[in-house]
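> Below you will find the structure I want to go over with you.
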Amino acid sequence: MRKPGRSPLTAISLAATAVIAATAATLTTTWTILPGGSVTAFNSTNVGAIDLTSHAVLSCNEVSAKAQVKSGSGLPPDGLAEITEVAFSNNGGSCPTTGGILAELRAANLPWQIDAESYDNASGKAIGKVVGVAIEMHSSDGCNATFSGPEGQSGWVRLVYDNGAEVGYGAVTVGLTLGTSSGTNLVVTKVDGGCDTNLVGIGDEMQVTGQFFVDPNLSVTSS
């Protein structure tokens, strides 16, 4: 007489569950950040944006940000830091755009969150995203526009942190395209009647570029 026991289906189900759990554990990475705390970033190159439909260009030569960064080891990848302040200007004034138009930019939806994605031990670079990004533009031609994520999604911009790239500072590149993956999902989500649709229109995809120094220098690694 056959003894009661687990059915083949039950055994298969348990085995599959174990494999899935093991895979999830393998994929789960934690992060170490030192020293953390209050951090300031300031641009080392002009920070620019291009409307990929109209090819209109905007550039600011003074961009700064303040953030609160977690400290310690065993940190989960999401919410490693919060950007609490962002300021855009060009020689202390508005940023120039195509056609001689000047634009004032304001960071909206603060704080923005920084989530980590991967770490390259060989290069010492940590890759992640700034999430929750929204930017409002008020320009000298009377245009008011907003840039954020498409169709109600959260706006994001890719961030690559290079540990100790400059003596005394860490270095950040934003908007970097990696392979076929875009550097941002920002699009134009709002325009008013003062906007020239030949320059900016609803749904236009954006490209952003810029490099920053980070003070103090942080050690950001993953295991």
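We did not get these values from a lab; they are worked out from the coordinates using the rules stated. Fair warning: this is a prediction, and the values are worked out from it, not measured in the lab. Virtual Cβ from ideal backbone geometry, glycine too; neighbours counted across all protein chains shown.
> For the residues 66, 129, what sequence is obtained by ranking on other C-beta atoms within 10 Å, fewest first? Numbers along the way, then the final one.
Details: 66 15, 129 23.
The order, fewest Cβ neighbours first, is 66, 129.
> Whole angstrom only: what separates the Cα centroid of region 200-223 from the Cα centroid of region 24-75?
Rounded to whole Å, the Cα centres lie 4 Å apart.
> With +1 assigned to the C-beta of every Lys and Arg and -1 to the C-beta of every Asp and Glu, and no other charges, what is the dipole magnitude of region 31-222 about the Cα centre in debye, to the nearest 20? Working shown, then result.
On the way: 7 positive and 19 negative charges, 73 e Å.
Roughly 360 debye for region 31-222.
> Where does region 31-222 land on Rg(C-alpha)/(2.2 N^0.38 Å)? If you can, show how the numbers build up before the last one.
Numbers: Rg = 16.6 Å, N = 192, 2.2 N^0.38 = 16.2 Å.
Compactness ratio reported: 1.02.
> Please tell me the relative contact order of region 79-223 in percent, rounded to the nearest whole number, where contacts are Cα pairs under 8 Å and at least six residues apart. Intermediate values should be presented prior to the final figure.
Values: 347 pairs, mean separation 27.9, N = 145.
The value is 19 percent.
> Rounded, prolate or oblate, given the Cα gyration tensor of region 146-223, with a/c below 1.5 counting as rounded? Don't skip to the answer; put the middle values down first.
Working: a/c = 3.05, a/b = 2.33, b/c = 1.31.
Verdict is prolate for region 146-223.
> What does the charge count around residue 70 come to, taking other residues whose C-beta lies under 13 Å from its C-beta (Lys +1, Arg +1, Asp -1, Glu -1)?
Values: positive: none; negative: 78, 82, 115.
Here the charged neighbours net out to -3.
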